[in-house]
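First up is the structure itself, then whatever we jot down about it.
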Amino acid sequence: MEFAEVVRRRRMVRNYDPDRPVPPAAVERLLEHAIRAPSAGFSQGWGFLVLSEPADRDRFWRATSTDEGPPDRWLAGMQRAPLIIVAHSHKDAYLDRYAEPDKGWTDRDEARWPVPYWDIDAGMAALLMLLTVVDEGLGACFFGVPPARTAAYLSAFGVPAAYSPVGAITVGYPAPDQRSPSLKRGRRGTDQVVHHGRWVPVARDS
Ligand SMILES: Cc1cc2nc3c(=O)[nH]c(=O)nc-3n(C[C@H](O)[C@H](O)[C@H](O)COP(=O)(O)O)c2cc1C
């Protein structure tokens with residue numbers, strides 16, 4: 001698929017055909033592309049948990065769901081995904097990497113970091129997976145693990161506490177779903193968010 005078409009077609013899919021697993025070759029490609037993401041100092045301080053077995057996916061939803069009782073429409077659709085990939089960041093890998101001689105931040109002071117690059121990089125890897133999903137004719141949705149469920153999630157899968165789940169991605173063949181109510185906001189155009197040469201205030205700018 002043309003790259004521009006991949007970008008244009010990408011959208012979050014929140015309902016899946018539960019009877020069509022993601023082909024192993026496609027899973028492999030998603031992960032191979034994820035690790036092509038850029039990373040600060042080439043730290044590559046990320047980690048990916050791949051859940052394709054039904055028991056593992058059940059464990060994920062049990063660990064991360066905040067609501068008791070039957071799943072709402074969002075959760076029911078998401079639970080039909082045959083694959084979940086959780087992207088994690090590992091801050092210590094960055095602090096260690098930047099304490100090396102070529103970087104020299106031996107004090108490991110987090111105030112040095114313009115923004116948390118460890119989370120940025122995991123997000124970049126996630127985006128590459130979201131784009132690869134489109135190229136593979138699949139659908140996906142990126143979503144967060146609620147902070148109140150992070151400890152339960154880490155413990156359910158033996159993820160070391162030094163790793164933060166930056167986002168989970170459901171993947172599968174799309175089934176009809178509801179448009180997100182957020183989309184009513186409309187896409188902000190380049191005329192609203194791009195400033196050439198000098199930051200000229202635009203509507204909704206603050
Ligand atoms: C950081 C981040 C967190 C998100 N969290 C959720 C989420 O918890 N649940 C959900 O259904 N969608 C989530 N989304 C998807 C957004 O709602 C979606 O990207 C946005 O509405 C634009 O729609 P589109 O991606 O289909 O173009 C998230 C997206 C991002 C980038």
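The values are calculated or read from the model by the stated rules, or taken from the named source; none is laboratory data. Owing to the predicted nature of the structure, the values given are computational and were not obtained by experimental measurement. We place every Cβ from the backbone using ideal geometry, glycine too, and count neighbours over all the protein chains shown. When the accessible area is computed, the model is the full protein with side chains, heavy atoms only, and any ligands, DNA or RNA have been set aside. Shrake-Rupley method; radii C 1.70, N 1.55, O 1.52, S 1.80 Å.
Numbers below:
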| item | result |
| --- | --- |
| Single condition GLU32 does not satisfy, out of (1) touching a Lys or Arg at 6+ places or on another chain (Cβ under 7 Å); (2) open to solvent by 60 Å² or more (accessible area, probe 1.4 Å); (3) more than 16 Å from the ligand (Cβ to nearest atom) | (1) |
| Selected residue [modelled with pLDDT under 95 and closer than 24 Å to PRO21 by Cβ] from PRO82, PRO174, PRO71 | PRO71 |
| Of residues in segment 40-72 being within 15 Å of the chain's Cα centre (by Cα) and small (Gly, Ala, Ser), the one surrounded by the most Cβ atoms within 10 Å (Cβ to Cβ) | GLY45 |
| Residue match in segment 112-120 (condition: open to solvent by 40 Å² or more (accessible area, probe 1.4 Å), within 15 Å of the ligand (Cβ to nearest atom), outside any helix (DSSP H, G or I) and farther than 30 Å from LEU75 by Cα) | yes |
| Residue tally, condition closer than 30 Å to GLY186 by Cβ and among the aliphatic types (A, V, I, L, M), over segment 11-26 | 2 |
| Exclusive hit being modelled with pLDDT under 95 and within 12 Å of the ligand (Cβ to nearest atom), set SER206, SER180 | SER180 |
| Of the criteria (1) in contact (Cβ under 8 Å) with a residue 40 or more places away in the chain; (2) touching a strand residue (DSSP E or B) at 6+ places or on another chain (Cβ under 9 Å), which one THR66 fails | (2) |
| Residue in segment 73-85 that is small (Gly, Ala, Ser), within 18 Å of LEU49 (Cα to Cα) and surrounded by 19 or more Cβ atoms within 10 Å (Cβ to Cβ) present | yes |
| Residues that are within 11 Å of the ligand (Cβ to nearest atom), hydrophobic (A, V, I, L, M, F, W, C), open to solvent by less than 50 Å² (accessible area, probe 1.4 Å) and closer than 29 Å to GLU2 by Cα, drawn from segment 135-155 | ALA140, CYS141, PHE143 |
